[in-house]
Amino acid sequence: MTESAVVVDGVSKRFRLYRERNATLKSALMRGRASVYEEFWAVRDVSFDVPRGTTLGLIGRNGSGKSTLLKTLARILHPDEGQITMSGRVASLLEVGSGFHPELSGRENIYLNGSILGMSRKEIDSRFDEIVDFSEVRKFIDQPVKNYSSGMYVRLGFSVAVHVSPDILIVDEVLAVGDAAFKTKSKRKFAEFRDQKRTIILVSHSMPQVRALCDQVVWLDGGRVRAIGPSDEVVDAYLAHIDADEVDSNEE
Amino acid sequence: MSYARDLLRTRELLGNLVQREIKGKYRRTVLGQLWSLLNPLATMLVYTVVFSFIFQARPRVGDPSGLDIYPLWLMSGLLAWSFFTRAVTGGLSSIVSNAGLIKKVYFPRMHLPFAVTLSTGFNWLFELGVLIAAIWLFGGFPIPWIPLLLVFMVLLGLLATGIAMLLAIVNVHFRDTQHFTAIVISMWFYLTPVIYPISLVETAAAQRGDWILTVYRLNPMERFIAVFRNLLYDNTWPALDDSLVCFAWAIGAFLLGYVVFVNNEKRLAELL
Ligand SMILES: Nc1ncnc2c1ncn2[C@@H]1O[C@H](COP(=O)(O)OP(=O)(O)OP(=O)(O)O)[C@@H](O)[C@H]1O
Ligand SMILES: [Mg+2]
């Protein structure tokens, strides 16, 4: 058995849905001491293991808790129950370019974003050219990023994130962005990651992509694990389920 | 303690966040960094006209520096005050205004209020540099006091950051906090002897009861301003009791802010 890079053990995440959430003192006082909210479990009792060097895909309908689960893995959210163990350096890419400052240049933003993602200045120095080449924005690297097209923005953000060279990479639907050429390029980067025995956890709505990239797939349904197993098996089951749903709704 | 280790490990991020604050602030302005000097100069001009010429307020004569110049006396205290308020108000809103970042990436969030204090402190160094030069020019000799001045800058920074961290958490729950704090700070300013000397309060206390002065001196900023004036304007050792009170407030406020922040940090992303 290969060792696990990520162990998720009985993880649950609960949100409070406030009737009125306008975060003012007045509304708190009007409500009285007990604030009115409903509890909502976005992720419920999820467990799985990811062996080192493999890719795990998370699939499921909109709102099934995929992004919430990724955020708990990325330490952005804290699980209310259960435990997550990760061995190695983790980088998450939940939204590209989120750490960019519009008035700063591309160059300055590479350093800022790189350090947010956990790179030291030296590491960024040594990978700077690679990052810029991969993003193909060299001509504009000293321009403020607010002058970038949205595609350029995304390319630069993605490029920084994949050059962090983490042991565990967590990505949420990032491959959906960029033009065709860039998509090919990012796919090649993912393949390279796998060859280097890095662990990837990704969310995608593109089933062909999931089949191509993932070794193992977790299907989330209403926050719970509906199925887990080899990617083709789970994807087939998921697609069959969706087709059945569609037939149902057509018959009504 | 593991949180402190996390902070230390990611200190380069703090450096970059500070740079972002500093560079982003005066980007696309013609005067750039000069703005950070023009602002206090303008304030100085206004207060000098109003208090020195209109109200005929006389500053204390610096002892032993012998200085007797209202604008210099004023700025020795006002610079400390303006650093404090900028660090508190900036740090207090640093969590809410970086919501986008907090919801998308993990990093020790305490770096955000830290970055505000450090970048404010960086700008403040320019202002202090100019003030020290001016005091020197007019006959004071503040140079030997610079090391001690830096120590008190750090203490004031700790006090401001502690308060900012505490309020930043409250602000996430109630956005009223930032508006409320703005009002409190403007009242606090007039309750602190920045533009007028403490001797006015002493006179009032002598007539109406000593408790006035006792209450007045509970204000930590009164102590800090006194210390900064001792160092910059008088060029002498600050009083021991003032120094100890400054120290206690700084450490106390910082620890309180730190503990409250660490205990609430985990839920920040979902509350924003
Ligand atoms: N901060 C929050 N507060 C309250 N509810 C939330 C919060 N974040 C997510 N949710 C809820 O949790 C559920 C799961 O959301 P999540 O974003 O994880 O879905 P998803 O599987 O990523 O969906 P999609 O495929 O659309 O990206 C949704 O019902 C959503 O409304
Ligand atoms: Mg999602």
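No lab work stands behind these numbers, since they all come straight from the coordinates. Values in this document were obtained by computation on a predicted structure and should not be read as measured data. Cβ coordinates were reconstructed from backbone atoms using ideal geometry, including for glycine residues, and neighbour counts include every protein chain displayed.
Between region A:226-240 and region B:222-259, what is the separation of their alpha carbon centroids in Å? That distance is 65 Å. Checking the Cα-Cα distances for A:LYS13/A:LYS66; A:LYS13/B:LYS104; A:LYS13/A:LYS197; A:LYS71/B:LYS266; A:LYS139/B:LYS103; A:LYS66/A:LYS197 against a 21 Å cut-off, the pairs over it are A:LYS13/A:LYS197; A:LYS139/B:LYS103; A:LYS66/A:LYS197. Only the Cβ atoms of Lys and Arg (+1) and of Asp and Glu (-1) were treated as charged; on that basis the dipole of region B:2-271 about its Cα centre amounts to roughly 1080 debye.
Per-residue mean of foreign Cβ neighbours for B:4-12 is 2 (Cβ atoms of other chains, 10 Å radius).
Relative contact order, whole percent, for chain B stands at 28, derived from Cα pairs under 8 Å and 6 or more residues apart. Sequence-distant contacts, meaning Cα pairs under 8 Å at least 6 residues apart, place the relative contact order of chain A at 26 percent.
Taken residue by residue and averaged, Cβ atoms of other chains lying within 10 Å of the Cβ of B:173-183 number 2. The modelled label-to-label distance between B:LEU255 and B:ARG208, using points 7 Å beyond Cα along the C-beta direction, is 3.6 nm.
What the Cβ-Cβ distance of B:LEU272 and A:ARG61 gives, at R0 = 22 Å and to the nearest 0.05, is a FRET efficiency of 0.30. Compared with the dominant principal axis of the Cα atoms in chain B, helix B:111-137 is inclined by about 20°.
Applying 1/(1 + (r/R0)^6) with R0 = 35 Å to the Cβ-Cβ distance of A:ASP142 and A:ASP195 gives a FRET efficiency near 0.55. Between 0 and 90 degrees, the angle of helix B:146-173 with respect to the longest Cα principal axis of chain B falls at about 50 degrees. Each residue, B:THR29 and A:ASP9, gets one label point 7 Å from its Cα in the Cβ direction; the gap between the two is 5.3 nm.
Per-residue ellipticity at 222 nm from helix content only, as computed over chain A with -39500 (n - 2.57) for each DSSP H run of at least four residues, stands at -12000 deg cm²/dmol.
Look at the stretch B:216-222: the mean tally of other chain Cβ atoms within 10 Å of its residues' Cβ atoms is 0.
Among B:158-170, A:146-158, B:67-79, B:233-245, the peptide with the highest mean count of other Cβ atoms within 10 Å heads the list, and the full ranking is B:158-170, B:67-79, A:146-158, B:233-245. Extension gain for the segment A:ARG224 to A:ASP80, taken as residue separation times 0.36 nm less the Cα-Cα distance, is 50.4 nm to one decimal.
If I fit a long axis through the Cα atoms of helix B:70-97 and take the longest principal axis of the Cα atoms of chain B, what angle between them do I get, 0 to 90°, rounded to 10? Tilt of helix B:70-97: around 10 degrees. Taking label points 7 Å from Cα along the Cα-to-Cβ direction, A:ARG52 and A:LYS187 give a separation of 3.0 nm. Ranked by the mean number of other Cβ atoms within 10 Å of their residues, highest first, the peptides B:116-129, A:37-50, B:174-187 come out as B:116-129, A:37-50, B:174-187.
Electrostatic bookkeeping for B:THR43 treats Lys and Arg as +1 and Asp and Glu as -1; over the other residues with beta carbon under 15 Å from its beta carbon, the sum is 0.
Taking Cα centre as origin and charging only the Cβ of basic (Lys, Arg, +1) and acidic (Asp, Glu, -1) residues, the dipole magnitude of the protein assembly as shown rounds to 920 debye.
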